[in-house]
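K.L.:
This is the structure, below, for whatever I ask next.
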Amino acid sequence: MQEERRNKTKAAKDDVLGSETVFEKIKGRTPWIFGKALRKPKILFPSLKKPRMGIPLPGKSIAVIGVYIILFLLQTGIVYLVFREVPALGSSPEDGSPMFLYPDINESFIIEAVVASIFIFMCSIGFILLYQASKFVYNKSVAARYLAVGILLILASFITLQAMITIKMGQRLFNV
């Protein structure tokens, strides 16, 4: 077997169909342009080591945390709060007790926007946990925990936000 390999001769390039390069095909048809003196130069570039900086780069988790912080600030309505100059807290006109929810559906206090944003953020964390649960297909107990906590966060934040809207509209919270 090894003798056959040693005695086997390589096929010439002309014998193999389709082994010509584009340059060889053009050179055969246009000898007056390229001639016999034109050839591709072989240049050996020295391998230089570039100096590297010793500063460590932040990981991907830092970028993700930054994106979540920006999303949180946008969810609070920070642009609205800055331009409208709304009060942080209000007081009831009847007895002067503090109000956390503005009585109108189209306006809000700063504390109300922050609390609503926290609950929206909790809901998004719940959806992230639902997604993470799909990664643990073979570990059912971990997947079930992720699913339970994710669904709990989603439901708790939804019910709380609905209660806030119901109170803002001036309706009773539980019509029992």
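K.L.:
When the chain is fully extended, how far beyond the present Cα-Cα distance does Phe72 get from Ala88, taking 0.36 nm per residue of separation?
P.N.:
Working: separation 16, 0.36 × 16 = 5.76 nm, distance 1.79 nm.
So the extension gain works out to 4.0 nm.
K.L.:
Same structure again: Which whole-Hz couplings ³J(HN,Hα) result when phi for each residue of the range 65-78 is put into the Karplus expression 6.51 cos²θ - 1.76 cosθ + 1.60, θ = phi - 60°, listed in order with x for Gly and Pro?
P.N.:
5, x, 5, 5, 5, 5, 4, 4, 5, 5, 5, 5, x, 5
K.L.:
Give me the extension gain from Leu173 to Ile128: residue separation times 0.36 nm, minus the current Cα-Cα distance, reported in nm with one decimal.
P.N.:
Details: separation 45, 0.36 × 45 = 16.20 nm, distance 2.95 nm.
That works out to 13.3 nm of additional length.
K.L.:
Please name whichever of Ala116, Met99, Leu130 sits farthest to the positive end of the charge dipole of the range 75-176, dipole taken about the Cα centre and charges placed at Cβ: Lys and Arg +1, Asp and Glu -1.
P.N.:
Most positive-ward Cα: Leu130.
K.L.:
Work out the length of the dipole vector of the range 60-168 about its Cα centre, built from +1 on the beta-carbon of each Lys and Arg and -1 on the beta-carbon of each Asp and Glu, and round it to the nearest 20 debye. Don't skip to the answer; put the middle values down first.
P.N.:
Numbers: 6 positive and 6 negative charges, 182 e Å.
The dipole of the range 60-168 has a size of about 880 debye.
K.L.:
Considering amide H positions built from the backbone, and no H for Pro or chain starts, which residues 5 or more places from Phe109, or on another chain, come under 5 Å of its amide H?
P.N.:
Placed amide hydrogens put Tyr102 under 5 Å from Phe109.
K.L.:
Using Cβ counts within 10 Å as a stand-in for footprinting exposure, how do Val115, Val67 rank, fewest first?
P.N.:
Working: Val115 18, Val67 10.
Ascending Cβ contact count within 10 Å gives the list Val67, Val115.
K.L.:
To continue, here is another question. Hand me the trypsin sites (Lys or Arg not before Pro) from the range 143-176 located in a DSSP loop with no more than 13 other Cβ atoms within 10 Å, in residue order please. Could you put the intermediate results ahead of the total?
P.N.:
Numbers: sites: Arg145, Lys168, Arg172; in loops: Arg172.
Of the trypsin sites (Lys or Arg not before Pro), the ones in loops of the range 143-176 whose Cβ has at most 13 other Cβ atoms within 10 Å are Arg172.
Read the figures in this text as sums done on the coordinates, not as results from a lab. The shown structure was predicted, so the numbers you read here are calculated from the model rather than taken from an experiment. So basically every Cβ, Gly included, is an ideal-geometry build from the backbone, and we count neighbours across all protein chains shown.
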